[in-house]
Amino acid sequence: MALTTQELKIAKQSYPVLKYSNFLSKHLTLPVYAALYQKKTSNGVTLDTCIQTGVDTPRLQFGLVVGDEECYTLFKDVLYPVIKEYHENFDPAVQMHADDAAQLNNDVIVKPFDEKYVISVRIRAGRSISGFPFAPCCTRAERRKVEEIVVGALKNIDREFTGSYRTIDSMSPAEIDKLTKEHILFYNVTEFSYRNDGIARDWPDARGFMVNERNDFIVWVNEEDHVRIISMQSGNDLQSCFENWKKGEKQLEDAIKNAGYKYAWSKNLGHLCTCPSNIGTSMRCSVHVRLPNMSVHPKLDEIIKKLGVAKRGNLGEHRSSTDQELLDISNVKRLGISEVGIVQQVYQSVTRLIDMERQLEAGKLLDDVLK
Ligand code: ADP
Ligand code: MG
């Protein structure tokens, strides 16, 4: 329904100054804000809470976080354009794909990479427990309850995919340092508290992780999302990393369901998470690949963009790299693509980057592959 001039005038009194260039400043026009700013989800989440980060800080690409699952419908006038821009071709009218049934029937999805270049492979996805506000908006009691649910579920899955759960506050700084350097544990989220997104509140209360005995299946609790499910291996076998992820992920979901809970999920948006970049499959498939020549090539960023992938440093997002030759290459899109599709896209992109590295090693130019 169109707003009256008077309604717009009143909304303007609260309309934020959008000084940073991000998806929020592009899509939160005054009429959109005016239609939404007085609404509240059943958990009491408002649009102003979700956007505060993008108003106050240059929160990179997005400029907003999502306070709970209901926000995805209540605030869709601003969220859908943002989602559409990030997950290219997202169409809210289209139902989220069903998970691929073929993926665990010994089908070869991808072959091993050339081990000369690929150091390690990792697949992760975020999950939220339906009914509980997300990290930016949950109370201490809700955060602790989420931890209790996930830790309880972890006790009821096969030993292959579980291990003892450890809270951050039970570990020494030296242990924390060691585990983060091994890429097993997440970073201290208070490092990002300058973003004003609410995620760092009460740190380290109710945060922890579990890793299995084989050291290849990890669950993070209450980092950016309620749950992060990770499969990680050294070496070049992305297929086995994916199969491992799929099996562990299924077991955890079943255990959560058996405990009477379910994940926040919608037909058209898939899994719902704190950051709109992480909805859909929520999957980030990342390959650590050593490319001494490509990593300093002036066209690297352009090539990465053309391949539809993203580049991070060896220590992950928002951290400066300590090894310039080692790139973390992962998919950008997580919605409107299947899990298998993501694994294949990353495989193909990394394989192309390795081909280019070989060309440079042989003293050739890259012009042909840029077309
Ligand atoms: P995410 O948001 O997917 O968890 P981050 O960029 O925050 O990703 O990285 C989390 C941790 O995972 C970091 O320590 C990062 O170096 C590590 N990591 C990501 N991909 C790989 C990989 N292929 N091999 C080893 N470690 C990885
Ligand atoms: Mg992260």
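Centre-to-centre, using Cα atoms only, the stretch 311-363 and the stretch 166-188 are separated by 26 Å.
In terms of the Cα gyration tensor, with a ≥ b ≥ c the square roots of its eigenvalues, is the stretch 265-371 rounded because a/c is under 1.5, prolate because a/b exceeds b/c, or oblate?
Numbers: a/c = 2.79, a/b = 1.79, b/c = 1.56.
It is prolate, given that a/c is not under 1.5 and a/b is the larger ratio.
Which entries in the list 178/311; 246/333; 145/305; 116/305; 12/84; 39/155 go over 29 Å, if you measure between the two C-alpha atoms of each? Pairs exceeding 29 Å: 145/305; 39/155. Hull volume per residue, based on the alpha-carbon atoms of the chain and their convex hull, is 152 Å³. In nm, to one decimal, how far is the residue 91 label point from the residue 3 one, both placed 7 Å along Cα→Cβ? With each label placed 7 Å out from Cα toward Cβ, I get 3.0 nm.
So what's the back-of-envelope 222 nm ellipticity for the chain, counting only DSSP H runs of four-plus at -39500 (n - 2.57) apiece and dividing by all residues, rounded to 500? Can you show the working numbers first?
Details: 11 runs with 121 residues, N = 371.
The helix-only estimate for the chain comes to -10000 deg cm²/dmol at 222 nm.
For the chain, the relative contact order is 20 percent, taking Cα pairs closer than 8 Å that sit 6 or more residues apart in sequence and dividing their mean separation by the residue count. Enclosing the Cα atoms of the stretch 11-86 in their convex hull gives a volume equal to 79 cubic angstrom per residue.
Placing pseudo-labels 7 Å out from each Cα toward the beta carbon at residue 262 and residue 76 gives an inter-label distance of 1.8 nm.
When the chain is treated as a GNM with alpha-carbon contacts under 10 Å, the residue of 260, 67, 341 showing the greatest mean-square fluctuation is 260. Extension gain for the segment residue 20 to residue 254, taken as residue separation times 0.36 nm less the Cα-Cα distance, is 80.0 nm to one decimal. Taken one residue at a time, the phi angles of the stretch 202-219 give Karplus couplings (6.51, -1.76, 1.60, θ = phi - 60°) of 6, 3, x, 3, 6, 10, x, 8, 9, 10, 6, 4, 6, 6, 10, 9, 10, 10 Hz. Gly and Pro are set to x. Under a GNM of the chain (C-alpha, springs under 10 Å), which listed residue has the highest mean-square fluctuation: 288, 87, 27? Ranking 288, 87, 27 by mean-square fluctuation puts 27 first. Phi angles of the stretch 159-169 translate, via the Karplus equation with coefficients 6.51, -1.76, 1.60 and θ = phi - 60°, into HN-Hα couplings of 4, 4, 10, 9, x, 6, 7, 10, 8, 4, 6 Hz per residue; Gly and Pro are given as x. Say R0 is 35 Å: what FRET efficiency, to the nearest 0.05, do residue 172 and residue 29 get from their beta-carbon distance? Here the calculated transfer efficiency is 0.10. The dipole here belongs to the chain: it is taken about the Cα centre, uses +1 on the Cβ of Lys and Arg and -1 on the Cβ of Asp and Glu, and is about 680 debye. Anisotropy class assigned to the stretch 115-162 is oblate, per the alpha carbon gyration tensor with a/c at or over the 1.5 cut-off and a/b no larger than b/c.
Here, each number is a calculation from the coordinates, and none is a lab measurement. Treat the numbers as computed from the prediction; the structure is a model and nothing was measured. Please note: Cβ atoms are built from the backbone with ideal geometry, for glycine as well, and neighbour counts cover all protein chains shown.
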